[in-house]
1. Please give, to one decimal in nm, the separation of the simple spin-label points placed at Thr272 and Ile36, each 7 Å out from Cα toward the Cβ.
2. Just to verify a number: FRET efficiency for Ile105 and Leu75, C-beta to C-beta distance, R0 = 35 Å, to 0.05?
3. Hey, can you rank 51-57, 22-28 by average C-beta count inside 10 Å, highest first?
4. Between Gly65 and residues 5 or more places away or on another chain, which pairs have amide H atoms under 5 Å apart, with H built 1.01 Å from N, and which residues are they?
5. Taking every eigenvalue of the Cα gyration tensor of segment 57-121, multiplying by 5 and rooting it, what semi-axes result, largest first, whole Å?
6. Just from its helices, what would the mean residue ellipticity at 222 nm be for the chain, if runs of 4 or more DSSP H residues each count -39500 (n - 2.57) and the sum is divided by every residue, rounded to the nearest 500 deg cm²/dmol?
7. For segment 151-287, what is the accessible area per residue in Å², given a 1.4 Å probe and the full set of protein chains?
8. What does the accessible area of Arg282 come to, in Å² to the nearest 10, when a probe of 1.4 Å is used?
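The values are calculated or read from the model by the stated rules, or taken from the named source; none is laboratory data. Values in this document were obtained by computation on a predicted structure and should not be read as measured data. Positions of Cβ are backbone-derived with ideal geometry, glycine not excepted, and every protein chain shown enters the neighbour counts. Only protein heavy atoms, including side chains, enter the accessible area calculation; ligands, DNA and RNA are left aside. Shrake-Rupley method; radii C 1.70, N 1.55, O 1.52, S 1.80 Å.
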Amino acid sequence: MSGLNFQKILSPKTSQKIMNSIFVISGLVTILILIIILGYILIRGLPVVNLGFIFSNPIDSGASGGIFPMIVSSLYVTLIAGIVATPLGVGAAVYLVEFAGESKITKLIRFGAETLASIPSIVYGLFGLAFFVIAVGLGWSIISGGLVLAIMALPTIFQVSEVTISSIPSSYREGSYGLGATKWQTIYRVVLPAAIPGIVTGVILGMTRAISEAAAVMFAVGASLSMPLSIFDPGRPLPLHLYILATEGISLENAFGTAAVLVIIVLALTITTNYLVDRYQRKIMGR
């Protein structure tokens, strides 16, 4: 019995079928979990969602009324996070792949990005309170929350962009240099356009995390129910509003409605961006 090995017990064809079944079951279980979570939220929340709920202001701390100021606050902080984090993350990735090479500095940058990605979101919130709100003097405001979310999204955008840019075939660069292009022209005209689908994926991952965070913005953006008229006004993004409604027992019904709207926004953002990226890929490939 000790002389038997795995190949003698199972034929290659049988082991292939077993592994295929395991992979299929794993995929189905993942999809099933997603459907159950989204289905439960949408079933409980969609009956609450209507035009009045979406476009009206909250009443009685959110026990009634709508969530329009929360939607605006979420869009503000997410937009600020994207504007700040995207050029920094992509720029750092371009530097590491195209200029820096392998050195102690690049290893330190990668270690820093990995560390940032693993820090709990509540720590980012406390940092935002101590630095942006108090030290810099921005106070509880949309811009404070947006800058905190930008720091959170930065490592995701950087890591995905670095992997994408490094995967661009070297023949692309060699062909560009052969035509007389400079280093920057090659990066701007050849490398980055080819890497856009992967970079956009990293931005989506970073922004969907940013728009769904409550703990990170809790200490930085404030919890105002009023409409933010500028980025220096306090606000209350959707995740924070959902957290307050649910934990303080204000209105579980409106909490599910808020969650449904948040899920729909994230799904719409993801689907729309994937569609645009797919169209871009087809265009550059001449399809």
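1. With each label placed 7 Å out from Cα toward Cβ, I get 3.2 nm.
2. It comes out at approximately 0.45.
3. Highest mean packing first, the order is 51-57, 22-28.
4. When sequence neighbours closer than 5 places are left aside, the close amide H contacts are Ile59.
5. Details: eigenvalues 324, 40, 5 Å².
In descending order the semi-axes read 40, 14, 5 Å.
6. Only helices count here, giving -22500 deg cm²/dmol.
7. On a per-residue basis, 50 Å².
8. Roughly 110 Å² of Arg282 is accessible to a 1.4 Å probe.
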